[in-house]
Amino acid sequence: MSSFFTLPASQRKRKREDQGSAPVSKKRGVTGKAGASSGERRQPRQERDESISGSDSDDDAPVESEEESIDEDDLSGSEEEETAAERRLRLAERYLENIKEEVDEAGFDAAEIDRDLIAERLKEDVDESKGRTYRQIASQLSFPTATHSYFRADTQSTTSVAVRAPFVYTVSKDKTLIKWELMSPSAPDVERTNTKRPPRPVRKKPKKIRSIRGLQQGEGGGESQGHTGPILAVAVSPSGKFVATGGMDKKIIIWDAETLIPLRTFTQHRDAVSGLSFTGRISAATTGEQLFSSSFDRTIKTWSLSPGSHAYVETLFGHQDHVISVASMVTDQCVSTGARDRTARLWKVVDETQLVFRGGGSKGSQYAENSIDCVAVIPPAHFVTGSDDGSISLWSIHKKKPLFTVRQAHGLDPIPDPINSSEQDPAAASRSTKYMRPTPRWITALAALPGTDIVLSGSWDGWIRAWKVSEDKRKIVPLGCVGGTDQSTSIISEQLEFSHAQQSNGTDATSTSPNEPLLNGIVNDIAVFERRPQDPNKSANGRESKAPSADCIQPGVCIVAALGKEHRLGRWKVFRSIDRKNIGGSEAGGRNGAMVFEVPFVANTNGSGS
């Protein structure tokens, strides 16, 4: 009996049955599925043909619009021919065409455009306050054409300055706190055709608003509060409501910015308070404005200031010497310098960590770096330090060594004249100065314009020098002196050569040099801010200021420098009335007070707006 396995291969093949009599088997894998799918495709195609033919004969059916037919054609075409990318491109082009048609029909919506511009500006302001923006404007400023105005009161050496436009706050060694109002530089006026009277001269010197000295009656008639020693530091809150001062009496006093009434006195520091700095935004860990303070007790303390309460928050330990300067990097972060421990430290308050950056290890310099005295921050990841060897260093929080260093940034002090020696014998006097060499001028003040590439430095050479941070943030490029005609960094050396040449020719060495310094004394502090025409010029309490309106304000950068005959922390360098030749041959000695510079943009110097 024959079976399936004994039959030949030609007879073993099964015959195909009729489709109408039996269903197709589904056990043959791909062949069965392909047959089923082809059958399923034929059936809806036939139904669609029938529906189309039926629609032609149906008079009651609605007529299909042209747009729907186009959409169906496009959809069918995209299914068969278009790729996904081509379909997205086609839909985007159609969307743009529809928007263009709507704009052509209805026009622009001015209110919506204004809302978009305001939202964009608010976003830029928030990013700038958080340190997320960085604008390169140094090359757009005209530092040689900067105007200046000197202002002072009957005080001793001005030790620090703080700015909250349009007000300036200065402190001095005689326990004095003064509030000034800056005069905004006006843009060029429109031609005067209605009157023959000449235009009124524009006031440039800041106006003194209010001053206090020593102990003052507290708020609500309480006990007297105030400083009993020299004031070394001042800072104003970003909101403009509070002014903080610290001094040699180990006190931090919070003042009302409008009335200069003392609100609260903190005595937690155990030594002199040397530096103060507010953060740009309210901290997430506290409910008020955050204040950092540095002290000679080698600590940094954080404070929270709000209209309802002022409280101490935390103490940061780590420095091995006096903490000379502190600057807020971003919220809950600050950078401090530790003087002769030659370190700069980045403090992260929330994480309770610190990063240590050690200086003094550079090779190739003939002058040793003994102390790091001042710091300025370039958020979010860079900062600049100044040392007693005249060097300015650029740091990154990602590297422990400086990225770039400028040595003797403010030149060298000349060797003292043997005539000024106390020796009676001229030969002995000449021998006492024979082996002396010029010493570098310390960097006594540093400031950076937030969100930009501008850095400013000060010493006792008579100039404020401007520096530009390179695009890759790895180098510092000199821009010259603020208000000086020479853009090089060797103005002082040229002055000394000019003075020596006059002495050799038998002329008066104290006559006016081609580049006579503008600042007579030691620059103890620098404050800087940018003037913007669109910013409303209002005081901290919301009242309109007497300064020109925002539309008339000339855009630029405003710099305020604190000057003194003495260094703010001691008397290592003193300018007396008889010491008239220690600024490159200048006639004038040191002066106590401050000077304000108005630096315009390059476009404004040519008579056009920026």
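With respect to ARG345, is the statement that it is of a type in the set (D, E, K, R) and within 15 Å of ALA376 (Cα to Cα) true?
yes
Of all the listed residues (GLY308, GLY360, GLY390), the sole one being part of a loop (DSSP other than H, G, I, E, B), at positive phi and out of contact with any Phe, Trp or Tyr (no Cβ under 8 Å at 6 or more places or on another chain) is GLY360.
Looking only at segment 323-351, count how many residues are outside any loop (DSSP other than H, G, I, E, B) and at negative phi.
Qualifying residue count for the region: 15.
Looking across segment 204-238 at every residue that is of a type in the set (Gly, Ala, Ser), at pLDDT 90 or above and in a loop (DSSP other than H, G, I, E, B), the one that is surrounded by the most Cβ atoms within 10 Å (Cβ to Cβ) is identified as SER237.
SER274 fulfils the conditions (1) in contact (Cβ under 8 Å) with a residue 60 or more places away in the chain; (2) farther than 27 Å from SER393 by Cα except for a single criterion, (2). In segment 450-468, the condition of being touching a strand residue (DSSP E or B) at 6+ places or on another chain (Cβ under 6 Å), at pLDDT 90 or above, surrounded by fewer than 24 Cβ atoms within 10 Å (Cβ to Cβ) and of a type in the set (Lys, Arg) is met by at least one residue.
In segment 484-507, is there at least one residue being modelled with pLDDT of 80 or more, of a type outside the set (Ser, Thr, Tyr) and either in contact with a Cys (Cβ under 6 Å, 6 or more places away or on another chain) or surrounded by 15 or more Cβ atoms within 10 Å (Cβ to Cβ) (or both)? Give the steps one after another, and end with the answer.
If we filter segment 484-507 for residues that are modelled with pLDDT of 80 or more, which is where we start, we get 484.
The next check asks that each one be of a type outside the set (Ser, Thr, Tyr); those that pass are 484.
Adding the requirement that they be either in contact with a Cys (Cβ under 6 Å, 6 or more places away or on another chain) or surrounded by 15 or more Cβ atoms within 10 Å (Cβ to Cβ) (or both) leaves 484.
Yes, the conditions are met somewhere in segment 484-507.
Mind checking which residues of segment 355-380 are surrounded by fewer than 17 Cβ atoms within 10 Å (Cβ to Cβ) and under 23 Å from the mean Cα position of the chain (by Cα)? LEU355, VAL356, PRO380 - these are the residues of segment 355-380 that are surrounded by fewer than 17 Cβ atoms within 10 Å (Cβ to Cβ) and under 23 Å from the mean Cα position of the chain (by Cα).
Determine, yes or no, whether LYS473 is in a loop (DSSP other than H, G, I, E, B), in contact with a strand residue (DSSP E or B) (Cβ under 6 Å, 6 or more places away or on another chain) and within 25 Å of VAL602 (Cβ to Cβ). When the stated conditions are applied, LYS473 passes them.
Residues in segment 430-489 that are of a type in the set (Lys, Arg) and under 22 Å from the mean Cα position of the chain (by Cα): ARG465, LYS468, LYS473, ARG474, LYS475.
Among the residues of segment 323-341, those that are crowded, with 21+ Cβ neighbours inside 10 Å and in contact (Cβ under 8 Å) with a residue 40 or more places away in the chain comprise VAL323, ILE324, SER325, VAL326, ALA327, SER328, MET329, CYS334, VAL335, SER336, THR337, GLY338.
Quick check on segment 119-137. Is at least one of its residues surrounded by 11 or more Cβ atoms within 10 Å (Cβ to Cβ), among the β-branched types (Val, Ile, Thr), more than 30 Å from LYS473 (Cβ to Cβ) and at pLDDT 90 or above? Taking every residue of segment 119-137 in turn, none turns out to be surrounded by 11 or more Cβ atoms within 10 Å (Cβ to Cβ), among the β-branched types (Val, Ile, Thr), more than 30 Å from LYS473 (Cβ to Cβ) and at pLDDT 90 or above. Take LYS363 and decide whether it is in contact (Cβ under 8 Å) with a residue 24 or more places away in the chain, out of contact with any Asp or Glu (no Cβ under 9 Å at 6 or more places or on another chain) and of a type outside the set (Ser, Thr, Tyr). Judged against the criteria, LYS363 is not a match.
Candidates in segment 342-354 are the residues that are surrounded by fewer than 20 Cβ atoms within 10 Å (Cβ to Cβ) and aliphatic (A, V, I, L, M); of these, the one that is farthest from ARG264 (Cα to Cα) is LEU346. Would you check if ASP174 is at pLDDT below 90, surrounded by fewer than 21 Cβ atoms within 10 Å (Cβ to Cβ) and either more than 19 Å from GLU258 (Cβ to Cβ) or acidic (Asp, Glu) (or both)? So ASP174 fails the test.
Output yes when any residue across segment 592-609 is of a type in the set (D, E, K, R), buried (at least 16 other Cβ atoms within 10 Å of the Cβ), out of contact with any Pro (no Cβ under 8 Å at 6 or more places or on another chain) and at pLDDT 90 or above, and no when none is. Within segment 592-609 (the criterion being of a type in the set (D, E, K, R), buried (at least 16 other Cβ atoms within 10 Å of the Cβ), out of contact with any Pro (no Cβ under 8 Å at 6 or more places or on another chain) and at pLDDT 90 or above), the answer is no, since none of the residues qualifies. When you scan segment 401-412, do you find a residue that is part of a loop (DSSP other than H, G, I, E, B), exposed (fewer than 12 other Cβ atoms within 10 Å of the Cβ), at pLDDT 80 or above and among the aliphatic types (A, V, I, L, M), even just one? No; the residues of segment 401-412 include none that is part of a loop (DSSP other than H, G, I, E, B), exposed (fewer than 12 other Cβ atoms within 10 Å of the Cβ), at pLDDT 80 or above and among the aliphatic types (A, V, I, L, M). Which one is surrounded by the fewest Cβ atoms within 10 Å (Cβ to Cβ), of the residues in segment 293-311 that are at pLDDT 95 or above and of a type in the set (Ser, Thr, Tyr)? Checking each candidate, the answer is THR299. Scan segment 423-445 for residues that are polar (S, T, N, Q), in a loop (DSSP other than H, G, I, E, B) and in contact (Cβ under 8 Å) with a residue 60 or more places away in the chain and the total you get is 1.
Selection of segment 76-103 for residues being among the acidic types (Asp, Glu) and modelled with pLDDT of 70 or more yields GLU81, GLU82, GLU86, GLU93, GLU97, GLU101, GLU102.
The values are calculated or read from the model by the stated rules, or taken from the named source; none is laboratory data. This one's a predicted model, so the numbers in the text were calculated from it and none came from an experiment. No Cβ is skipped: glycine too gets one built from the backbone with ideal geometry, and neighbour counts run over all protein chains shown.
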